[in-house]
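J.: Here it is, the structure, as structure tokens.
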Amino acid sequence: MKKLFFAVVALFVLAAPAFAQFSVSAALEATYKQDFAPNLRWGVDASLDTTLTPAFGLGATVTPYLRYRVVLVDDKALNVAAFARLNVPIGVSFVPSPVDFSVSLSPRAGLDLSYKLSESLELLSRLQLAFPISLVPSTSVGYGLSIPYIELDYYAGDLTLYGGTSFTLLPSAGWGGLYAGALYNLSEKMYVQGELSAGSGGDFSAIGLLLKLSIALD
């Protein structure tokens with residue numbers, strides 16, 4: 001299983017130069033969270049996002065949230081939890097001009113599943129129902145049932161290698177493509193991450209690279 005995982009990740013990385021379009025983006029992320037009651041948490045995620053290629057872009061997002069999560073199954077290998085969460089993303093795009101401002105509500109609920117295949121290998125997945133509500137610049141309401149990730153993680157100390165895929169189920173079925181990456185813990189509250197993604201909607205003509213530094217402030 002480990003050899004297959006490494007082979008898939010290596011093939012993904014080596015194939016990157018062959019894609020017709022290659023985009024690079026970077027993000028600086030700061031997070032804060034606080035548990036204030038059993039199973040209840042509030043927090044704020046903030047990020048400064050930059051697109052480097054093929055065209056430069058710069059934006060920022062601040063997302064306050066409230067989350068309820070309860071564990072349904074917790075044994076030696078299998079863990080299943082139910083969650084409900086309200087996100088309030090507030091975004092601003094500086095480049096390209098003119099400056100764009102957005103505010104939305106994003107209530108969602110679903111199930112998280114994790115299964116330990118070994119001490120260093122874990123399968124993760126989520127089933128999620130979301131109702132995105134745009135408030136600014138225009139009002140609109142939508143819904144979506146999706147599997148945001150089916151992911152295999154390999155843990156080696158402070159290094160995590162991962163790869164996975166995603167699917168939308170409603171209102172229309174679709175495939176989110178493939179992704180693979182690496183995450184390294186610089187400290188207990190800071191990590192760096194690099195991720196390659198491709199194949200969204202079955203289109204493999206483009207590949208994206210994301211570089212991220214994340215800092216926890218709690």
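J.: For segment 206-215, just list the computed ³J(HN,Hα) in residue order, Karplus coefficients 6.51, -1.76 and 1.60, θ = phi - 60°, integers in Hz, with x standing in for Gly and Pro.
T.: With coefficients 6.51, -1.76 and 1.60, one gets 9, 9, x, 10, 10, 10, 9, 10, 10, 10 Hz.
J.: About the Cα centre of the chain, how large is the charge dipole given +1 on each Lys and Arg Cβ and -1 on each Asp and Glu Cβ? Please answer in debye to the nearest 20.
T.: Charge dipole, the chain, about its Cα centre: 260 debye, nearest 20.
J.: Same structure, new question: I'd like to check one number: the per residue accessible area of segment 151-218, probe 1.4 Å, reported in Å² as a whole number.
T.: Result: 50 Å² per residue.
J.: Charges only on Cβ, +1 for Lys and Arg, -1 for Asp and Glu: so what's the dipole of segment 37-87 about the Cα centre, in debye to the nearest 20?
T.: 160 debye
J.: A follow-up question, please. Express in nm, to one decimal, how much length is gained between Leu40 and Gln21 on full extension, taking 0.36 nm for each residue of separation and deducting their alpha carbon distance.
T.: Result for the pair: 2.6 nm of gain on full extension.
J.: May I pose another question? Given 0.36 nm per residue, what is the gain on full extension from Val192 to Ala30 after removing their alpha carbon distance, in nm?
T.: 57.1 nm
J.: Using a 1.4 Å probe over the heavy atoms of the protein chains, calculate the carbon and sulfur portion of the accessible area of the chain as a whole percent.
T.: Ligands and nucleic acids excluded, carbon and sulfur give 67 percent.
J.: Right, here's the next one. Do any trypsin sites (Lys or Arg not before Pro) in segment 34-138 lie in a DSSP loop with no more than 11 other beta carbon atoms within 10 Å, and if so, which?
T.: Counting only loop positions with at most 11 other Cβ atoms within 10 Å, the trypsin sites (Lys or Arg not before Pro) in segment 34-138 are Lys76.
J.: While we're here: Ignoring ligands, DNA and RNA, what accessible area per residue does segment 60-140 give at 1.4 Å, in Å²?
T.: Here the per-residue accessible area is 58 Å².
J.: For a test of understanding, tell me how many lysine pairs in the chain have Cα atoms under 15 Å apart, given they are 8 or more places apart or on different chains.
T.: Summing the qualifying lysine pairs gives 4.
J.: Please say if the chain is rounded, prolate or oblate, where rounded means a/c under 1.5 for a ≥ b ≥ c the square roots of the C-alpha gyration tensor eigenvalues, and otherwise the choice is prolate for a/b larger than b/c and oblate otherwise?
T.: The shape class here is rounded.
J.: Let me have the relative contact order for the chain, percent, based on Cα pairs under 8 Å that are six or more residues apart.
T.: 17 percent
J.: Along the positive direction of the dipole of segment 60-144 (beta-carbon charges: Lys, Arg +1; Asp, Glu -1; about the Cα centre), which of Pro107, Val92, Leu121 reaches farthest?
T.: The residue sitting farthest along the positive end of the dipole is Pro107.
J.: Continuing with this model, one more query. Within the chain, which is the longest segment that contains none of the GluC sites (Glu not before Pro) sitting in a DSSP loop with at most 16 other Cβ atoms within 10 Å?
T.: Between exposed loop sites, the widest span is 1-118.
J.: From the helices alone, meaning DSSP H stretches of at least four residues, give me the mean residue ellipticity at 222 nm for the chain, per-run term -39500 (n - 2.57), in deg cm²/dmol to the nearest 500.
T.: Computed ellipticity for the chain at 222 nm equals -2000 deg cm²/dmol.
J.: Classify segment 91-198: rounded, prolate or oblate, from the alpha-carbon gyration tensor (a ≥ b ≥ c, eigenvalue square roots; a/c under 1.5 rounded; otherwise prolate if a/b is larger than b/c)?
T.: The shape class here is oblate.
J.: Using DSSP, restrict attention to beta bridges with both residues in the chain and report what percent are antiparallel, rounded to the nearest 5.
T.: Percentage antiparallel, nearest 5: 90.
The values are calculated or read from the model by the stated rules, or taken from the named source; none is laboratory data. This structure is a prediction, so every number in the text was calculated from the model and none was measured. All Cβ positions, even for glycine, are placed from backbone atoms using ideal geometry, and neighbour counts span all protein chains on display. Remember, those area values only see protein heavy atoms, side chains included, never the ligands or the DNA or RNA. Shrake-Rupley method; radii C 1.70, N 1.55, O 1.52, S 1.80 Å.
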